[in-house]
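Here is the structure we will look at.
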Amino acid sequence: MSVRVRFAPSPTGPLHIGGLRTALYNYLLAKQKGGAFVLRIEDTDQNRYVEGAEEYIQQALAWAGIPPDESPTHPGKFGPYRQSERLSVYGKYVNQLIEQGKAYYAFDSAEDLEKERQKAAETNAHFSYDCQTRMTMRNSLTLDSETVAKLLEEGASYVVRFKMEADRTLTIHDEVRQNVTVNTNTLDDKVLFKSDGMPTYHLANVVDDHLMEITDVIRGEEWLPSLPLHFLLYEAFGWNPPKFAHLPLILKPNGKGKLSKRDGEAGGFPVYPLEWSGIKGFKEDGYLPVPLLNFLALLGWSNKSDEEVLDLQEMIKAFSMDGIQKAGARFDVEKLRWFNQQHLQKMNDEALLKECVSGAPELQEVSKEHLIKALVLVKERLIFPADLNTEHGYFFSAPTAYDEKAVGKQWKEETPSLLESFMALAQSTSFEESALEECLKGFVGSKEIGLGKVMAPLRIALVGSLKGPSVYSLMAFLGKEEVVQRINRALSQIKS
Ligand code: GLU
């Protein structure tokens, strides 16, 4: 049987980094096994529906480069792929469970339930609709069949609850946690269906996974408490369950608790792939999709070979369910920046240049040849494509200000005359790296001074600060005329 996996978000907001990782692991397994990656939108909870969230999820997966093989907008033969369009499917299954005595109608009003909650709270207990309490409630287990039939005929509102077996110890296999053991006495009679025709998450999720022939359910750890119920639903329907894998949490940078949107705001990093109502995403902050996926792949999964920097094909090849860890994985934005930098270095110059220039209109006027030359000089230092213009803008325009700290330390009384004499000498060189190096070294040698005495002020004059590539390559890149101009400007503006 070929592998079929699904990513099943509820459109209640933007895709969070954890959701993107869940989608990625599903995608990697599907692609490795030549299977299908399905996107199913779980939108049965209309109260939590957020306009635009589904489109956002689809756009985020497309940007990340992990598009689904089957989805609402690209259906396969298991559609529809939005649960709100599948409402006619679920009634039959809920009726089957009722007929077999595995589920029952419950007519308790909201007030009745509230009363029970309050009663329990008086003794500091917690009310649970379960095998201990259900025989005291108003449902088709306690009412006679005529009353039930009458209520249904009158259109009384009801829910259908799963009749949880009493005192059974279940041991369920999870691909990440191995055996998960639970006693059914700790589980309540979950609502499966409501009289308005809406299934709940549990019913719709299990029925759809079955009908869509899903072989592996890979989802976040927060769904682990639902595993026993889902497992029992498969059993109740007489269906083979899929394999289950519950992924570890993504933790805050300090390792304490689950990563939240607020951690991103506090730490100055995104938690969404793309911008969402004014909050910037990874894309807008200059992260490229492949390094982001690479970072996420290793956030909870470890590669058997110690290779860290992987492109998508390499991730597909290396991925394995048994490499997924149980413990939460700490979000480390520095590591993400490192991945971005590593991947930029692996890109070919033309492709990287395209990224650098997009969003920097001022660079569009610079010749491609010139841009590539500059790029090559600082490629290893770029963390984000925009850095070429923001961090290394001195390639394309002369500095307008000089770093005061650097000036204070490196610009001495003798600096102007040294720079002038050096430039007089350098005028007659060919302005190629090696010739410039020879010239500067010869100059400081003849003066019997250290190299830094000229090199540091020279860099300040050309760059405005002490950063940048080697001074020789920078001078060769800028050319004689520009270098002379920048030095003259520095000499007139910097007072030692
Ligand atoms: N709709 C659930 C969610 O929002 C899906 C959980 C699952 O994958 O079973 O995450």
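I need the helices (runs of 4 or more DSSP H) fully contained in region 204-318, keeping only those with at least 1 residues that are out of contact with any helix residue (DSSP H, G or I) (no Cβ under 7 Å at 6 or more places or on another chain) and more than 16 Å from Arg21 (Cβ to Cβ).
Details: elements: 227-237, 261-267, 289-297, 312-318.
In region 204-318, the matching helices (runs of 4 or more DSSP H) lie at 227-237, 261-267, 312-318.
Out of (1) over 30 Å from Val271 (Cβ atoms); (2) touching a strand residue (DSSP E or B) at 6+ places or on another chain (Cβ under 7 Å); (3) of a type in the set (Gly, Ala, Ser), the odd one out for Ala236 is which?
(2)
Can you tell me which of (1) of a type outside the set (A, V, I, L, M, F, W, C); (2) open to solvent by less than 10 Å² (accessible area, probe 1.4 Å); (3) within 12 Å of the ligand (Cβ to nearest atom) is the one Arg48 doesn't meet?
Tallying (1) of a type outside the set (A, V, I, L, M, F, W, C); (2) open to solvent by less than 10 Å² (accessible area, probe 1.4 Å); (3) within 12 Å of the ligand (Cβ to nearest atom), Arg48 fails exactly one: (2).
Among all residue pairs at least 6 apart or on different chains, which show Cβ distances below 6 Å where the first residue, located in region 351-377, is on the phi > 0 side of the Ramachandran plot and the second is surrounded by 11 or more Cβ atoms within 10 Å (Cβ to Cβ)?
none
Would you tally the residues in region 51-80 being touching a residue at least 12 places away in the same chain (Cβ under 8 Å), open to solvent by 10 Å² or more (accessible area, probe 1.4 Å) and in a strand (DSSP E or B)?
Matching residues across region 51-80 total 1.
Going by the conditions given, is Ile250 open to solvent by less than 50 Å² (accessible area, probe 1.4 Å) and in contact with a Gly (Cβ under 8 Å, 6 or more places away or on another chain)? First the steps, then the outcome.
Details: open to solvent by less than 50 Å² (accessible area, probe 1.4 Å): yes; in contact with a Gly (Cβ under 8 Å, 6 or more places away or on another chain): yes.
For Ile250, the condition - open to solvent by less than 50 Å² (accessible area, probe 1.4 Å) and in contact with a Gly (Cβ under 8 Å, 6 or more places away or on another chain) - is met.
Restricting the search to region 207-225, which residues are more than 10 Å from the ligand (Cβ to nearest atom) and under 19 Å from the mean Cα position of the chain (by Cα)?
Hit for region 207-225 is Glu221, nothing else.
Go over the candidates Glu448, Glu404, Glu413, Glu437 one by one and state the one that is closer than 26 Å to Glu362 by Cβ, charged (D, E, K, R) and open to solvent by 50 Å² or more (accessible area, probe 1.4 Å).
Details: Glu448 fails: closer than 26 Å to Glu362 by Cβ; Glu413 fails: closer than 26 Å to Glu362 by Cβ; Glu437 fails: closer than 26 Å to Glu362 by Cβ.
None of the other options fit; the residue is Glu404.
Can you name the residue in region 227-247 that is touching a residue at least 12 places away in the same chain (Cβ under 8 Å) and open to solvent by 30 Å² or more (accessible area, probe 1.4 Å) and is also farthest from the ligand (Cβ to nearest atom) among such residues?
Let us first name the residues in region 227-247 that are touching a residue at least 12 places away in the same chain (Cβ under 8 Å), namely 227-234, 236-237, 239, 242-247.
Filter once more, so that each one left must be open to solvent by 30 Å² or more (accessible area, probe 1.4 Å): 231, 239, 243.
Details: Phe231: 13, Trp239: 16, Lys243: 13 Å.
Per the stated criteria, the residue is Trp239.
Taking only region 9-44 into account, find how many residues are in contact with a helix residue (DSSP H, G or I) (Cβ under 7 Å, 6 or more places away or on another chain) and either open to solvent by 30 Å² or more (accessible area, probe 1.4 Å) or in a loop (DSSP other than H, G, I, E, B) (or both).
13
The values are calculated or read from the model by the stated rules, or taken from the named source; none is laboratory data. Since this is a predicted model, take the numbers as computed values, not measurements. Quick reminder, even Gly has a Cβ in these numbers, built from the backbone with ideal geometry, and neighbours come from all protein chains shown. For the accessible areas, the whole protein counts, side chains as well, though only heavy atoms, and no ligand, DNA or RNA atoms are used. Shrake-Rupley method; radii C 1.70, N 1.55, O 1.52, S 1.80 Å.
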